[in-house]
Amino acid sequence: MSTDYVMPKLAMAMNEGTVAEWLVSDGDFVQRGELLLTVETEKTAYEVEAPDSGFFRILVGAGETRDCGTVLGVFYESVEALTAPNADSQSQTPSAPAADTPPRDTNATVSAGRDTVPDKATAAQNNVVTSSVPVTTGRLKASPLAKRMAKDAGLDLHRMTGTGPGGRIVKRDVEAQLRSQPHIRPQSIGATANQEDVLATIPITGMRHAIASRLIESLQTTAQLSSFWESNLSRLLEVRRQLVAKEEELGTRISVNAMLVKAMIYGIRRVPIANSCVVDDQIRIHRDVHVGVAVSVPGSTEYDSGLLVPVLRHADKLGLAELDLAMKALVQKAKDGACTADDFTGSTITFSTTAGLAPPGHRSTPVLNLPNAMLVGPSTPKDKPWAVEGEIKIQTVLPVSVTFDHRALDGDPAVRFMNAMHEAIENPNLLLL
Amino acid sequence: MLDLAVVGGGPGGYVAAIKAAQAGLKVALIERDRLGGVCLNWGCIPSKNLIHQAKLVSQLDDLVAIGAATSTGGVDYTLMQEKSRDVVEQLTTGIRGLMKKNQVVVHEASASLVTPTELALSNGERVSARNIILATGSSPTALSDFPVDEQVVLTSTGILAQKHLPKRLAIVGAGAIGCEFAYIMSKLGVDVSLFEAQDHVLPLEDRDISKALADYFESTGVTVAVGSTVSPSSITTKGVALSVSHQGKSSQQNFDQVLVVVGRKPNSADLGLEAVGVAIEASGHIKTNASGQTSVANVYAIGDVTNSPALAHVAIYEAELVIDRILGKGELAPLDSSLVPAAIYCEPQVASVGVTEQEARDSGRDIKVVKFSLSGAGKSIAVGQPFGFVKLITDKATDELVGAHIIGKDASEMINQLVLAKTAELLPVDIASSIYAHPTISESIAEAARAVIDRPIHS
């Protein structure tokens, strides 16, 4: 009896990995939970634990790169199996007669006492630790903590392999699954037989749960006040056209968003308290500007969406082109599911645009992203008649909605911030400051 | 050639020998002193017997205090000592019997590695084995200022061997051993001063627990000086004069004896480690991987001689891990120190598992802390031992039990429930939903768990 060990999928964006170093020797008895190897991806290096116990045969040497799911080694139950002439990966000897494999010791097997159905689709999708993750259909053995964590994260315990006593699913198994699949799709999609009118059922778990609880907390614990204005965008768009003409030299096609963040930073320079957080009964006004950028990401079904707010650090230290590049890279990283927990902490102000998605002239009352005291939410511009030097002209006008925490900012500083931002949008020369 | 040779017959070593023999391996055990090691001969076991006897004395005193008994007229410490040695004798005899029953060959000698598969014994014999386990344990750490003679300057071994009590005893080091002897000696009428360099007693335990124990000790007449430094100004055959620096003041204090208990060091010298390439750390501990293997593949090390917590129950678990590995089985998970309980057997007892509040906060974890006083459990009042509390530390996000700390009567027995809960990954709601026998002191644990989930009743 043997179990293949495959290149694990350690991040959502990971398609292949390099075996940097084996942390065990060929033929060693490896204990479940022991560090097995170091895997390198383009982004980082991971130390990976052994998902199984057994005598380990290394099939792919250090320095080699393999696709996720490719067999790297095999766990054997005994030395005899390891050294048998035909000992090889299961996947490479599919014709091995079943009778040759002795029954596993019932104490040691993961699936003892359960009915298991191999599910190749799941295995390909999960690629977690072994080449075939069985789907449990019988009684599920999982610790209360593992159940709680799986429920919170929207994971299906039936598709997990337990490494606890008697094959019980324990905390480390859920953590391993979370590491390998940061955004798992809930399993209970689709109508059940007696609820034919339900298109999809989306459990409020995982990201959905995080969004729901944070927004409720925001609405229930702060004094939110929303405000709106319009700025003539025509001059800013003219400057942008000139910058876009220099796309090659600048290395990026400067976006309106980057210019609006610049205008926001100009506003913060004039009214620093706009860049503040309310934490532990204190208003902390920050010197550095770390912008939380709201990014819409796919949801768990085709019907819903997800929302992430990764942080653009030190936005105030970046020139316009650098800021534009950094913001685009951050948004892409979020959409790729490659952000880590660190990417989501430490924002001092929030930027949440609906431009392009919302109808022209759209206004809203955005909900504050805690603990930030200010959220700036521009939307889709609209061409409309506008008084320019005593004459009515058609101009492109940007609607901006903001929400601020009245615990931190009163009307006076809040409107001064808005006015400064408005000034910078209408006089883009100020963005040079 | 044997399958296994075990060097050291303490709790780790003899359990390894028995487990290997039960699996059909040919095993030898080499012990230079007495089977059972420090734990059984000069540590946990005799001290637990003395604690038991001290507790009996204290209970008699309680009866005298309420007028229900007349004065006992003091105790005969020599007889108490004999009793504790009887207990040791009974248990070592038991281990000898187990060795015989399992056909483990016992050599009374010390041993050192000659090759990775051969040991030279101090009696001139040679033992060859495919696998070797080093389980040689640890010895008390000495302080250069305090030359140990086991007459005036004592280690834990010396104080367990002596047959008479001093009038005034200084204890240097308020870890588990220091606190246990402070309790024993003070209950037997010795005037005890407990000195600790760190700013709280039981430096490894939760601060709340340390403070409660120090306060309790002081209320029973033990002088506790934390954040103090001591050095001898003179040592004679009659006693010792100590220079004590405490809270910015210096003083000279005289004692009949001083007990130095400032930790333990691994017994890794003279084992021939260098000769065969077994790596050690700067501290002298033998380096091992998660399954007890040293830098030489077939040589393993377990217990106090390695860097894992110096506790008998850790050595026993490691013994089982190593034997599983040698047998090619993998049923046990590698040692997880967050699941290892600690117990201190003074009165009130102290026991814990997992992290302290300080450690949890330092790690940046968002935690919830609840305390339930043992006086809230009817049984504690009924048996006249209401002192102490249960403190639970849980993760705010998942409710995971990350630390549990108990001070009070039978804490060392109660902690095992929380070890079980933590190992099985039970949540506070599981504990709170269990039916506890009434009246018991353990009900405090259920009450504390109820408080975690905001359903307290008796608080």
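The values are calculated or read from the model by the stated rules, or taken from the named source; none is laboratory data. None of these values were measured; they are calculated from a predicted model. Don't worry about glycine lacking a Cβ; one is built from the backbone with ideal geometry, like all the others, and counts go over all protein chains shown.
A few points about this structure:
- Residues that are more than 9 Å from chain A (Cβ to nearest Cβ), under 23 Å from the mean Cα position of the chain (by Cα) and buried (at least 20 other Cβ atoms within 10 Å of the Cβ), drawn from the range B:285-299: B:Ile286, B:Thr288, B:Gly292
- Residue in the range B:105-116 that is part of a helix (DSSP H, G or I), modelled with pLDDT of 95 or more and closer than 30 Å to B:Asn307 by Cα present: no
- Selection within the range A:158-176 - crowded, with 20+ Cβ neighbours inside 10 Å, within 13 Å of chain B (Cβ to nearest Cβ) and either within 22 Å of the chain's Cα centre (by Cα) or at pLDDT 90 or above (or both): A:Ile169, A:Val170, A:Asp173, A:Val174
- Yes/no for B:Ser128 being at pLDDT 95 or above, surrounded by fewer than 16 Cβ atoms within 10 Å (Cβ to Cβ) and either within 30 Å of B:Val260 (Cβ to Cβ) or of a type in the set (Ser, Thr, Tyr) (or both): yes
- Boolean, B:Lys163 is surrounded by fewer than 21 Cβ atoms within 10 Å (Cβ to Cβ), within 22 Å of the chain's Cα centre (by Cα) and charged (D, E, K, R): no
- With respect to the conditions (1) in a strand (DSSP E or B); (2) closer than 16 Å to B:Val153 by Cβ; (3) among the charged types (D, E, K, R), B:Lys238 lacks only one, and its number is (1).
- Hits in the range B:419-441 (condition: out of contact with any strand residue (DSSP E or B) (no Cβ under 9 Å at 6 or more places or on another chain) and outside any helix (DSSP H, G or I)): B:Ala424, B:Ser433, B:Ser434, B:Ile435, B:Tyr436, B:Ala437, B:His438, B:Pro439, B:Thr440
- Of residues in the range B:374-417 being more than 15 Å from B:Glu443 (Cβ to Cβ) and among the hydroxyl-bearing types (Ser, Thr, Tyr), the one farthest from the other protein chains (Cβ to nearest Cβ): B:Ser412
- Single condition B:Leu327 does not satisfy, out of (1) without any contact (Cβ under 8 Å) to a residue 24 or more places away in the chain; (2) of a type in the set (A, V, I, L, M, F, W, C); (3) within 12 Å of chain A (Cβ to nearest Cβ): (1)
- So B:Leu420, is it within 14 Å of chain A (Cβ to nearest Cβ) and at pLDDT 95 or above: yes
- Count - residues of the range A:138-156 that are more than 13 Å from chain B (Cβ to nearest Cβ) and either in contact with a strand residue (DSSP E or B) (Cβ under 7 Å, 6 or more places away or on another chain) or free of Cβ contacts under 8 Å to residues at least 24 places away in the same chain (or both): 0
- Exactly one residue out of B:Thr117, B:Thr141, B:Thr155, B:Thr136 is touching a Lys or Arg at 6+ places or on another chain (Cβ under 7 Å) and crowded, with 17+ Cβ neighbours inside 10 Å, and it is B:Thr117.
- Listed here are the strands (runs of 3 or more DSSP E) enclosed by the range B:325-418 that have at least 3 residues being β-branched (Val, Ile, Thr): B:367-373, B:388-395, B:401-408.
- Checking each residue in the range B:435-446 for being of a type in the set (Gly, Ala, Ser) and either within 12 Å of chain A (Cβ to nearest Cβ) or in contact (Cβ under 8 Å) with a residue 24 or more places away in the chain (or both) picks out B:Ser442, B:Ser444.
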